[in-house]
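Everything below concerns the one structure shown next.
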Amino acid sequence: AALYRVDGWGAPYFTVNSSGNISIRPHGVGTLAHQEIDLLKVVRKVSEPKSSGGLGLQLPLIVRFPDVLKNRLESLQSAFNFAIQSHGYEAHYQGVYPVKCNQDRYVVEDIVEFGSGFRFGLEAGSKPELLLAMSCLCKGSPEAFLVCNGFKDAEYVSLALVARKLHLNTVIVLEQEEELDFVIDISQKLGVRPVIGVRAKLRTKHSGHFGSTSGEKGKFGLTTIQILRVVKKLKQYEMLDCLQLLHFHIGSQIPSTALLADGVGEAAQIYCELLRLGACVKVIDIGGGLGIDYDGSKSQDSDISVGYSLEEYASAVVQAVQLVCDRKGVKHPVLCSESGRAVVSHHSILLFEAVSASSYQSSPMSFNGLQDLVERLPNDVLADYRNLSAAAVHGEKDNCLLYAEQLKQRCVEQFKEGSLGIEQLAEVDGLCELVSKAIGVSDPVRTYHVNLSVFTSIPDFWGIGQLFPIIPIHRLDECPAVRGILSDLTCDSDGKIDKFIGGESSLPLHELEGNGCINGDGGSYYLGMFLGGAYEEALGGVHNLFGGPSVVRVSQRNGPHNFAVTHAAPGPSCSDLLRMMHFEPHLMFETLKHRAEELANNGNDDSNGCMALASGLARYFDNMPYLVAASSCSLTA
Ligand code: PLP
């Protein structure tokens, strides 16, 4: 556990159990020992064939834990409730979940259900997000906010106004000044009194990677001049009472409470000014930014960590607003936040298998092979070989490396000229590898091939270099014998993971069992990517037409089997992926079948074989694109 820093980034939800497997503590700190869920048992239950009592789903796999989601939501609410109570703040906290962090139906429905007791709402940033938020919030608390952010056209604004007509507590937050004209015009046409918010561009700037949204030149929000023009226009239309919320967002992963308090304090001043100018503001929405400690370092100097707890975050917000409002004699506003990362990151784990590992053991050089090589080497290359042998005999490490490199280069030249055969070239490679090994400079880092697409499942690693904790989920009671990097299935050199938390360029890994191959006879080696519940699923692409993983939802239950799989869905099939690229799989199937039938009818080929080929084709369309073991692949043809 210490090697992989599980206690740092994993507490209180992930731990290593006495079998050396990762266990989930679904209720956080309050989890009892018998409630802990062994992740390996979940993987086995899900991936074993139906005939053996499993669900027969293929990896990669996302396992969602709704209990963890509930605990995150309740912890956030309790942190604010506690801060409000302990500082004597005179209004409540009522958060919203920004659905962009994970729009999965079950995630959003769970959040609405778990949060309905404390008026938890949703935030949308586009028309489809608004549609899903509207339908989900019909089952939520009537007081829950539906915050409409993002760039808006007339259609978006009218949909938001329809939501208000449906008695959803909808707030249209102006991100651009021009949106106000739509709001005034359409609300009059529809006969709805809108509730309006303004997103302010704060001067406070967050300097980390995610801070580019902040500051005067940030992408979103209204400048001070624009805010004043909005106020003026609303007054002109006798709609200033509609301006009820002040919003800002200085970026995700806010590193410190000092920066947070600075931003919140600035926003609180704007809030008080809006009130002075006649607006009926009641709510400060502090946006997202509540960070996650991905590496367990609790450091405010890193993009992947933060130097505060949930409680410290809430306390900093409450105090900063209170200070400004008390000085100005202003009634405390309702506090709203749009925490996404902090709510959903922990709830899901991406699981995948290592299917093979590169080996640096060159085939042993035979004496005959060496003899043959030496005899065939031209004189100038032979000199390099002799120099290398002499350096090796005298134990001269630097010279060994130098001559080995020279020998290799010359042999490649000879090969390109056609004067050296492929067997000799291989012998030279083997010899050089042997020398590197003998003098202790061979690269000990192995490449583990994983049945996964980085582009699909860990897009932020590829796109912005974001690190997530990635570790084996079993054999943690065994000392890992090697170090490795992870290489995915895509035909793309960027499809690899060679940076890990803690500044490591390789990961401690265990030797694969058997011959360490998906078609081999050894046991599986499962790895998990943790804290990836936010952003990764929607951001992922379909490079090489690898689609999303299978997904299961696992709840804690009391009893001998202490978990139940409450929902299971395989990942997209080859057909699903082809359809995304505008192919029509059923027509493709018909074309291929027709070709097979033609061949059979023309008597060109074995007609029974052709017919079997045609009827067996469907399976290839129906399966997921990821690798399967040969044992579970019945060949047709
Ligand atoms: N609200 C807005 C307007 C955002 O742009 C974002 C994300 O960038 C969020 C909320 C969610 O932020 P986080 O995931 O840091 O909580």
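The values are calculated or read from the model by the stated rules, or taken from the named source; none is laboratory data. Note that the structure is a prediction, hence the values are computed from the model and not measured. Cβ coordinates were reconstructed from backbone atoms using ideal geometry, including for glycine residues, and neighbour counts include every protein chain displayed.
When residue 216 is tested against (1) within 36 Å of the chain's Cα centre (by Cα); (2) surrounded by 22 or more Cβ atoms within 10 Å (Cβ to Cβ), just one condition goes unmet, and that condition is (2). Summed over region 6-21, the residues that are among the β-branched types (Val, Ile, Thr) and either within 17 Å of residue 508 (Cα to Cα) or part of a loop (DSSP other than H, G, I, E, B) (or both) give a count of 2.
Once region 317-340 is narrowed to residues that are touching a strand residue (DSSP E or B) at 6+ places or on another chain (Cβ under 9 Å) and part of a helix (DSSP H, G or I), the residue that is nearest to the ligand (Cβ to nearest atom) is 317. The requirement of being of a type in the set (D, E, K, R) and closer than 30 Å to residue 305 by Cβ is fulfilled somewhere in region 448-468, by at least one residue. In the set (1) surrounded by fewer than 16 Cβ atoms within 10 Å (Cβ to Cβ); (2) in contact with a Pro (Cβ under 9 Å, 6 or more places away or on another chain); (3) in a helix (DSSP H, G or I), the condition left unmet by residue 416 is number (2).
Within region 4-22, is even one residue among the charged types (D, E, K, R) and in contact with a helix residue (DSSP H, G or I) (Cβ under 8 Å, 6 or more places away or on another chain)? Within region 4-22, one or more residues are among the charged types (D, E, K, R) and in contact with a helix residue (DSSP H, G or I) (Cβ under 8 Å, 6 or more places away or on another chain).
Kindly provide the set of residues from region 516-566 that are at pLDDT 95 or above, surrounded by 15 or more Cβ atoms within 10 Å (Cβ to Cβ), over 30 Å from residue 581 (Cα atoms) and hydroxyl-bearing (Ser, Thr, Tyr), ordered by number. Matches in region 516-566: 525, 526, 555.
Scanning region 22-53 for residues that are loosely packed, with under 14 Cβ neighbours inside 10 Å and either on the phi > 0 side of the Ramachandran plot or assigned to a loop (DSSP other than H, G, I, E, B) (or both) gives 32, 49, 53.
Answer yes or no: is there a residue in region 498-515 that is at pLDDT 95 or above, surrounded by 16 or more Cβ atoms within 10 Å (Cβ to Cβ) and in contact with a Cys (Cβ under 7 Å, 6 or more places away or on another chain). No, region 498-515 contains no residue that is at pLDDT 95 or above, surrounded by 16 or more Cβ atoms within 10 Å (Cβ to Cβ) and in contact with a Cys (Cβ under 7 Å, 6 or more places away or on another chain).
The residues in region 194-249 that are in contact (Cβ under 8 Å) with a residue 12 or more places away in the chain, of a type in the set (D, E, K, R) and either within 16 Å of the ligand (Cβ to nearest atom) or under 20 Å from residue 158 (Cα atoms) (or both) can be counted, and the count is 5. Residue 367 satisfies every condition listed in (1) surrounded by 16 or more Cβ atoms within 10 Å (Cβ to Cβ); (2) over 26 Å from residue 480 (Cα atoms); (3) at pLDDT below 85 except (1).
Among the residues of region 585-599, are any assigned to a loop (DSSP other than H, G, I, E, B) and more than 14 Å from residue 350 (Cβ to Cβ)? Checked against the condition, which is being assigned to a loop (DSSP other than H, G, I, E, B) and more than 14 Å from residue 350 (Cβ to Cβ), region 585-599 yields no hits at all. With respect to the stated conditions, residue 174 is of a type in the set (A, V, I, L, M), touching a Lys or Arg at 6+ places or on another chain (Cβ under 9 Å) and under 20 Å from residue 242 (Cα atoms).
In the set 303, 285, only one residue is within 16 Å of the ligand (Cβ to nearest atom) and farther than 25 Å from residue 145 by Cβ; that residue is 303. Go through region 396-415 and give me each residue that's free of Cβ contacts under 8 Å to residues at least 40 places away in the same chain and more than 21 Å from residue 378 (Cβ to Cβ). Of everything in region 396-415, those that are free of Cβ contacts under 8 Å to residues at least 40 places away in the same chain and more than 21 Å from residue 378 (Cβ to Cβ) turn out to be 396, 398, 399, 400. Just so you know, in region 86-126 the residues that are within 16 Å of the ligand (Cβ to nearest atom) and assigned to a helix (DSSP H, G or I) include one that is surrounded by the fewest Cβ atoms within 10 Å (Cβ to Cβ), and it is 100. Among the residues examined, residue 141 qualifies as touching a helix residue (DSSP H, G or I) at 6+ places or on another chain (Cβ under 9 Å), within 30 Å of residue 65 (Cα to Cα) and either at pLDDT 95 or above or not in a loop (DSSP other than H, G, I, E, B) (or both). Here residue 139 passes the criteria (1) within 14 Å of the ligand (Cβ to nearest atom); (2) more than 16 Å from residue 340 (Cβ to Cβ); (3) not small (Gly, Ala, Ser) except the one numbered (1).
A quick yes/no check of all residues on (1) assigned to a helix (DSSP H, G or I); (2) closer than 30 Å to residue 348 by Cβ; (3) among the basic types (Lys, Arg); (4) modelled with pLDDT of 90 or more:
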position	(1), (2), (3), (4)
398	yes, no, no, no
403	yes, no, no, no
434	yes, no, no, no
443	no, no, no, no
463	yes, yes, no, yes
478	no, yes, no, yes
483	no, yes, yes, yes
486	no, yes, no, yes
